[in-house]
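Engineer: Below you'll find the structure I mean.
The values are calculated or read from the model by the stated rules, or taken from the named source; none is laboratory data. None of the values given here were measured: they were computed from a predicted structure. Cβ coordinates were reconstructed from backbone atoms using ideal geometry, including for glycine residues, and neighbour counts include every protein chain displayed. Only protein heavy atoms, including side chains, enter the accessible area calculation; ligands, DNA and RNA are left aside. Shrake-Rupley method; radii C 1.70, N 1.55, O 1.52, S 1.80 Å.
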Amino acid sequence: PEETVTSSFASFIHAVRPEHLSKTVRHRSKRMILDSIGVGLVGSTTHVFDIALQYCRELYSSVAVSSVYGKPGIKLSPTLAAFTNGVATHSMDFDDTWHPATHPSGAVLPALLAASQMLPPSTKPNGTDFLLAFNVGLEVQGRLMHFSTEAHNIPKRFHPPSVVGTMGSAAATAKLLSLSPAQCAHALGIAASLAGAPMANAATQAKPLHLGNATRLGFEAALLAARGMEANPLILDDIPGCSGFSAFYGVYQPKPLSAPSDRHEFLLEKQDIAFKRFPAHLGMHWVVDAALSVRNLFVNYAGSFSPSLIRTIVLKIPVSKYINRPFPSSEHQARHSFQFNACAALLDGEVGLSSFTESNIHRQELRELLDKVVVEHPEDNVANFDKMYGEVALLLHSGDVLTGKCDTFYGHWRKPLSEESLLKKFRSNASHVLPEEKIETIITMVDKLENLSDSSQL
């Protein structure tokens, strides 16, 4: 039979082997796994996580074999554990971001962790199997996003991890379960029918559900395919008059994924990941670094930060409606507000976990700064995580103007976090729920993942 885009993806999932993972890919993906676990652990302390966990514990009863982030005494059924841990990972918008824009790890890792515990002792995947399945999940997400020019910009319609993340979870789980090529194709087809969430739910408690559903529903798609359920074998192909995966994108030009031969160059080899230094939408990191830069100029100018000297704060940002929020009233809105993050950085000299508490959001001095903000959208500042910049200008009552600009924040793929910074973030996040010795055990285990005989230990 003639090869199709869908069959090429299925063949790749089935045929790719550990030796196809380069040293760079192994290193980068282990950094992602460690960061995602830390983000999930600190996310298990949030209110939205508690809602999701209570929902799963009260409304469902099943074989409880899979662990939940931050709750050592609780286990759930595998797919519900994946869902709950996916919610935890995105509960603070603290998880990694790729380009084209999506949150890749949180849609894949919880499914693989839960599946590892689900499988019987005789078929437990080892650490190398786990690492390969994780990278299959990343690769499928990245390839699908590259099929559409629309995916390269900050999204307007669908939240990307709810679309490509569901497909990535299905692919990763299919690989871990050693499904046949036909079953892999069906898993992708089933996942496509379970994918998609609207951007209107950004900056609400519903947004973390997008990651929870992506990892859970992709997992379920693979389980259904393993049990014989079938779907359209051309789901990734562009068939005129009958939308498959193309339904999620206005422009969709798929290409076959070559079967791995002696080697396969994963997208992660060419495109590193962005890790966040504080828990907010990725766009906020440009304006925060710009605000911190101009704050230093202001302190040198005035001797201290004195808001009374400021007449106007001008933010030059790209057009993106859902993250342009002049007066956020909740933590989730604050995490998606250019204005809030710029003013918090100016006022406090930093942005961190505590910046998004209710008391800090509603501070009078912060509200007074927000009243001074004016937003501009320069034509050269496009809504694209690879091209955008953030600029913060302080127009003083004296007539002087101080300006800070950031086109690449620390943590961006062009300016990656150092190993020291990544470990510091993980230790800080994990310390909210784990003792020091367990934190260090996880660090060592992820670093030596290839040596792990049973990945369910993770």
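Engineer: Which pairs break 25 Å Cα to Cα here: Lys372/Lys405; Lys71/Lys124; Lys175/Lys424?
Structural biologist: Lys175/Lys424
Engineer: Same structure again: When a/c is below 1.5 the answer is rounded, else prolate if a/b is larger than b/c, else oblate, so apply that to region 282-406 with a ≥ b ≥ c taken from the square roots of the Cα gyration tensor eigenvalues.
Structural biologist: Cα axes put region 282-406 in the oblate bin.
Engineer: For the pair Glu19 and Val314, what calculated FRET efficiency results from E = 1/(1 + (r/R0)^6), where r is the Cβ-Cβ distance and R0 = 60 Å, to the nearest 0.05?
Structural biologist: About 0.65, to the nearest 0.05.
Engineer: Continuing with the same structure: What list of ³J(HN,Hα) couplings, whole Hz, do you get for region 392-399 from phi and the Karplus terms 6.51, -1.76, 1.60, once you set θ to phi - 60° and write x for glycine and proline?
Structural biologist: Couplings: 10, 10, 9, 9, 8, 4, 6, x Hz.
Engineer: Mind running the shape call on region 187-257? Use the C-alpha gyration tensor, a ≥ b ≥ c as the square roots of the eigenvalues: rounded below 1.5 for a/c, prolate if a/b tops b/c, oblate otherwise.
Structural biologist: The shape class here is oblate.
Engineer: Next question. Provide the FRET efficiency to the nearest 0.05 for the Phe305-Lys448 pair, computing r from the beta carbons and using R0 = 45 Å.
Structural biologist: 0.50
Engineer: Any chance you could tell me what percent of the C-alpha pair distances in the chain go past 40 Å? Spell out each step's value before the answer.
Structural biologist: Numbers: 19657 of 104653 pairs.
Beyond 40 Å sits 19 percent of the P(r) for the chain.
Engineer: Given charges of +1 on the Cβ of Lys and Arg and -1 on the Cβ of Asp and Glu, with all other atoms neutral, how large is the dipole of the chain about its Cα centre, in debye to the nearest 20?
Structural biologist: My answer is approximately 340 debye.
Engineer: Kindly rank 432-439, 317-324 from highest to lowest mean number of other beta carbons found within 10 Å of each residue.
Structural biologist: So the order, starting with the most tightly packed, is 317-324, 432-439.
Engineer: Report the net charge of residues surrounding Thr123, where surrounding means a beta-carbon distance below 15 angstrom and charges are Lys +1, Arg +1, Asp -1, Glu -1.
Structural biologist: Every neighbour counted, the sum reads 0.
Engineer: Can you work out ³J(HN,Hα) from phi for every residue in region 440-457, in order, using Karplus 6.51 cos²θ - 1.76 cosθ + 1.60 and θ = phi - 60°, giving whole Hz and x for Gly and Pro?
Structural biologist: Those phi angles translate into 5, 5, 5, 4, 5, 5, 5, 4, 10, 4, 5, 8, 7, 6, 9, 5, 5, 5 Hz.
Engineer: What's the FRET efficiency of Ala247 with Ser398 using the Cβ-Cβ distance as r and R₀ = 60 Å, to the nearest 0.05?
Structural biologist: With R0 = 60 Å, the Cβ-Cβ based efficiency is 0.60.
Engineer: Ignoring ligands, DNA and RNA, how do Tyr410, Tyr252, Tyr301 rank by accessible area with a 1.4 Å probe, largest first?
Structural biologist: Tyr301, Tyr410, Tyr252
Engineer: Quick one: compute the contact order of region 84-158, relative version, from alpha carbon pairs under 8 angstrom and 6+ residues apart, as a percent. Can you show the working numbers first?
Structural biologist: Details: 45 pairs, mean separation 25.9, N = 75.
Value for region 84-158: 34 percent.
Engineer: Give the shape of region 12-51 as rounded, prolate or oblate, defined through the alpha-carbon gyration tensor: a ≥ b ≥ c are the square roots of its eigenvalues, a/c under 1.5 means rounded, and otherwise the shape is prolate if a/b is larger than b/c and oblate if not.
Structural biologist: Here region 12-51 falls in the oblate category.
Engineer: Which whole-number value in Å² is the accessible area per residue of the chain, probe 1.4 Å? Don't skip to the answer; put the middle values down first.
Structural biologist: On the way: 17860 Å² over 458 residues.
Accessible surface, normalised per residue, equals 39 Å².
Engineer: Using a 10 Å cut-off on Cβ atoms, rank the peptides 204-215, 146-157 from the highest mean neighbour count down.
Structural biologist: Highest to lowest by the protection proxy: 204-215, 146-157.
Engineer: Also: Of all the accessible heavy-atom surface of the chain, with the other protein chains kept in place and a 1.4 Å probe, what percent is carbon and sulfur?
Structural biologist: Roughly 51 percent, rounded to a whole number.
Engineer: What full-extension length gain, to one decimal in nm, is calculated for Lys270 and Gln54 as 0.36 nm per residue of separation minus the Cα-Cα distance?
Structural biologist: On the way: separation 216, 0.36 × 216 = 77.76 nm, distance 4.08 nm.
Additional length available on full extension: 73.7 nm.
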